[in-house]
Amino acid sequence: MKVTIFGTGYVGLVTGSCLAEVGHEVICVDIDEVKVQGLNRGMIPIYEPGLQPMVKANREAGRLRFTTDAAEAIAHGETLFIAVGTPPDEDGSADLQYVLTVARTIGRHIDRPVVVVNKSTVPVGTADQVRVAIESELTARQVELQFSVASNPEFLKEGDAINDCMRPDRIVIGSDSAEAIDRMRRLYAPFNRNHERIVVMDVRSAELTKYAANAMLATKISFMNEMANIAERVGADIEHVRQGIGSDPRIGWHFIYPGAGYGGSCFPKDVQALARTARQHHYDARLLDAVEAVNESQKEHLFELIQRHYSGSVTGKTFAIWGLAFKPNTDDMRAASSRTLLRQLWAAGATVRAFDPEARTEAAHIFGTRDDLTLCETAADALQGADALVVVTEWKQFRSPDLSTLKSALADAVVFDGRNLCEPAEMEAAGIAYFGIGRGRSL
Ligand code: UGA
């Protein structure tokens, strides 16, 4: 089938590649010429395991193309996906300008019935706005055409996006058009073998489903971080508590890892945007506000532990930081906890030696050159001349550090572990002072 995807960001690129991989003919269109030229030369602007070879293979097979020519792209696709960004406005609501610009572009160029599919994370009611934007362009052109606007939210996780896309646990289709639903079913048939994964619903429910999923996951994390904070005060170990509750299938093992707070481009933005939508509809979403507030203070928790250990003075201290990305297997630092921590350390007069396997370029871009930051090539290099180590992202390579090396490298022999990768008893036995999240009395 012929598919057009607007936006070669994370969602557009992964979705386009996966649709091409199963045999569809895909054109991805973006307004960024440099990016499109790069993509046509095989340069992938993001780090995502498996994406580069998939783009390459499908480009070579002629099933995947990149262009800045919207008219050509619209002439190609019978299904037109909108997968452009919805960054937060100043008040936390999703900024729809890019989505609506694409809608108007579609309205200016379509010349046959199409299905327009919203894949961007958009507030409930956006499909109606997209429909109106397309209609107004058609009216201006004095053209009458049948088209429908469906919602098909994505549930990709960065770092595992190809797998999520190729083997989805559900495919949500929001539409009131039998024809659109049928087309989407055919498009997704290669991903829907063995058992039914497609869930069909009305457009507004599909739009809300996306926010509900992310808000639920963010809620689980903030809940566990709150339990960890209680554990630190009552002298309990949250890791035991986690094992004690995760075995209940109603609670489950996923997303109950306490840590230095959630980051990324989705949870922080989506929780805020949903709360904002609720307020626009005269509902005070107190739980969502609390999820957000707990997370914001959790991002400051590592610094709180550090301050406590150093009795409020870290001036002149050097901290080795392991992990800058908001989670492993990505170079993405949007809303990452590391950013909060580094800002706090610098404000308190400390120096940072940071290592991240993928996010160094991104970090250099965000922080620029400064005397109190060294971006190191290896984890061991970050320890050189450091007083203490802080683990911020749970990259696999940080999981079993050599404790005698740690002890001799760190002048103060102290580790602050924002992802609970180490065992307190082992650290103690190695003569290292250890502070994890929610691991016994530390406050
Ligand atoms: C999230 C959702 O998991 C995807 O299903 C969704 O499609 C995506 O947002 C989106 O809306 O596009 P992502 O932001 O890539 O995916 O990252 P997650 O793996 O969900 O992690 C988010 C944050 O939560 C990370 O900072 C991670 O460290 C933190 N986290 C996760 C915890 O602190 N504890 C946990 O138990 C799990």
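Nothing in this text is a laboratory measurement; each read-out follows from the coordinates by a stated rule. On a predicted model such as this, the values are computed, not experimentally measured, just so you know. Positions of Cβ are backbone-derived with ideal geometry, glycine not excepted, and every protein chain shown enters the neighbour counts.
Couple of notes before you dig in:
- Plainly put, region 48-162 has a radius of gyration that is 1.00 times its Kirkwood radius, both from alpha-carbon atoms, as the Rg/Rh ratio.
- Dipole magnitude of region 2-201 about its Cα centre (Cβ charges: Lys, Arg +1; Asp, Glu -1), debye to nearest 20: 720
- DSSP beta bridges in the chain [antiparallel fraction, %, rounded to 5]: 5
- The label-point distance for GLU90 and ARG193, in a model that sets each label 7 Å from Cα toward Cβ, rounds to 5.3 nm.
- When the charge dipole of the chain is built from unit charges on Cβ atoms (+1 for Lys and Arg, -1 for Asp and Glu) and taken about the Cα centre, the candidate among ILE321, GLY42, GLY259 whose Cα reaches farthest toward its positive end is GLY42.
- For the chain, the residue among GLY436, HIS282, ALA133 whose Cα projects farthest onto the positive side of the dipole built from Cβ charges is ALA133.
- The convex hull drawn around the Cα atoms of the chain, when projected onto a plane and averaged over every direction, covers 22.7 nm².
- Hydrodynamic radius of region 1-53 per Kirkwood, over alpha carbon pairs, in Å: 11.2
- Only the Cβ atoms of Lys and Arg (+1) and of Asp and Glu (-1) were treated as charged; on that basis the dipole of the chain about its Cα centre amounts to roughly 480 debye.
- Over region 238-443: Rg over Rh, Cα atoms, Kirkwood Rh: 0.99
- Applying a 4.7 Å Cβ-Cβ cutoff to the chain, the cysteines left without a disulfide-compatible partner are CYS28, CYS266, CYS376, CYS422.
- For the chain, adding -39500 (n - 2.57) for each run of n ≥ 4 DSSP H residues and dividing by the number of residues yields -13500 deg cm²/dmol at 222 nm.
- In percent, rounded to a whole number, the relative contact order of region 238-443 is 21, using alpha-carbon pairs under 8 Å and six or more apart.
- In region 2-201, taking the dipole from charged Cβ atoms about the Cα centre, the farthest positive-side position among ALA71, MET54, LEU145 is held by MET54.
- Rg(Cα)/(2.2 N^0.38 Å) for region 306-393, N = residue count: 0.99
- The chain: relative contact order as a whole-number percent, Cα under 8 Å and 6+ apart: 12
- Once the convex hull of all Cα atoms in region 402-443 is built, its volume per residue stands at 71 Å³.
- Taking region 187-323 as the region of interest, the number of lysine pairs whose Cα atoms are within less than 22 Å, with members eight or more places apart or on different chains, is 6.
- Estimated dipole of region 109-157 in Debye, rounded to 20 [Cβ of Lys and Arg +1, of Asp and Glu -1, Cα centre]: 200
- Bridge type composition, region 2-201 - antiparallel percent by DSSP, nearest 5: 5
- Three-way shape call for region 2-201 based on the alpha-carbon gyration tensor, with the a/c threshold at 1.5: rounded
- Within the same chain, aspartates and glutamates fewer than 8 places from LYS407 are excluded, and of the rest, those with a Cα less than 16 Å from its Cα are ASP381, ASP387, ASP417, GLU423, GLU426, GLU428.
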